[in-house]
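Input: a single structure, listed below in structure tokens.
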Amino acid sequence: MSAPVLLVIAHGSRDPRHAATVHALVRRVRALRPDVRVETGFLDFNVPSVPGVLESLATEGVRDVVALPLLLTRAFHAKADIPAVLADAPPRLRIRQADVLGPSPLLLAALERRLYEAGLTPADKSSTGVVLASAGSSDPEAIAVIAEIAREWRRSGWCAVRPAFASASLPRTEDAVRELRALDCARVAVAPYVLAPGRLPDRIARGAAGADVLADVLGPSPEVARVLLERYDAARTPVLAAVGA
């Protein structure tokens, strides 16, 4: 029996860097698991669309699909948009929706990778304050998760970690940078907790103007690719109620 197709569902963006980063991540996932067919669909702005990919898979005769939201928190897109799109899929498809990527220790490892690539070293941890800068959400659950990630990451040895948001929530990145400046941290770094470049990551970068270090987005890091496969394996293993079955 063949493995279910992994359909990575990305939000999409008018910024061409977004789709390029998503495709680079998917290529890394394929390289890690050549036995799994991996497809990409976008909710908006980019092609192929999620409905278009699902129609194509059904036409080919595919039966089993794991739909994986390329999201870091369970907010509106994971709770409403994606289930609605999957509910309209061709009825012959058995679709299981995987969990979102975060939180995960692997994502914290990816954040640290990006900070070290930006110039920090492990020896800098105890003297560096970090802004965990996410896109933001109006969903209280998503905001609470970001705050908990910041608390957990602080326990790994950083001088301090403060959450910040590019939209919908406060504080903003620049506010968190100022707060960390007031503490006894020798330097301040901003770690974007976002997957791909775009409008909100650019806003994070502008807010990081007063910081000493700005890391890159998570992008196609090996840790992110491994989280995708963890979520895929977890979704395909149990026999769950299928969308459209």
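Listing for the model above:
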quantity: Size-normalised alpha-carbon gyration radius of region 27-139, reference 2.2 N^0.38 Å; calculated: 1.35
quantity: Vicinal HN-Hα couplings computed from phi for region 196-207 (Karplus, 6.51 cos²θ - 1.76 cosθ + 1.60; Hz; Gly/Pro x); calculated: 8, x, x, 4, 5, x, 5, 5, 4, 4, 5, x
quantity: Lys/Arg +1, Asp/Glu -1 at C-beta; the chain dipole; positive extreme among 140, 25, 193; calculated: 25
quantity: Dipole moment magnitude, nearest 20 debye, region 40-96 about Cα centre, only Lys, Arg, Asp, Glu C-beta charged; calculated: 280
quantity: Positive-end residue, the chain charge dipole about Cα centroid, Cβ charges, pick of 84, 129, 118; calculated: 118
quantity: Acute angle (nearest 10 degrees) that the helix 105-117 long axis makes with the longest principal axis of the chain, alpha-carbon atoms; calculated: 50
quantity: Simple Cβ-charge dipole of region 27-179, Lys/Arg +1 and Asp/Glu -1, about Cα centre, in debye nearest 20; calculated: 420
quantity: Stokes-Einstein D for region 141-245, Kirkwood Rh over Cα pairs, 20 °C, 1.002 mPa s (µm²/s); calculated: 136
quantity: Antiparallel DSSP beta bridges within the chain, as percent of all bridges there, nearest 5; calculated: 5
quantity: Amide proton proximity set for residue 7, modelled H, under 5 Å, gap of 5+; calculated: 39, 66, 67, 68
quantity: Helix 50-60 vs. the chain, principal-axis angle (Cα, 0 to 90°, nearest 10); calculated: 30
quantity: Peptide ranges 76-88, 154-166, 215-227 listed from the most packed, as the mean C-beta count within 10 angstrom indicates; calculated: 215-227, 154-166, 76-88
quantity: Distance between modelled label sites at residue 23 and residue 156, nm, 7 Å Cα→Cβ extension; calculated: 3.1
quantity: Angle between the chain longest axis and helix 140-154 axis [Cα atoms, degrees, rounded to 10]; calculated: 50
quantity: 14 Å beta-carbon shell around residue 63, net charge (K/R +1, D/E -1); calculated: +3
quantity: Kirkwood hydrodynamic radius of region 65-112, from inverse mean 1/r over distinct Cα pairs, in Å; calculated: 11.9
quantity: Whole-number percent relative contact order across region 117-182, with pairs defined as alpha carbons under 8 Å at least 6 apart; calculated: 38
quantity: Cα-derived Rg to Rh of the chain, Kirkwood definition; calculated: 1.00
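Laboratory data are not the source of any read-out in this text; all were calculated from the coordinates shown. Everything quoted here is computed from the prediction, not taken from an experiment. Quick reminder, even Gly has a Cβ in these numbers, built from the backbone with ideal geometry, and neighbours come from all protein chains shown.
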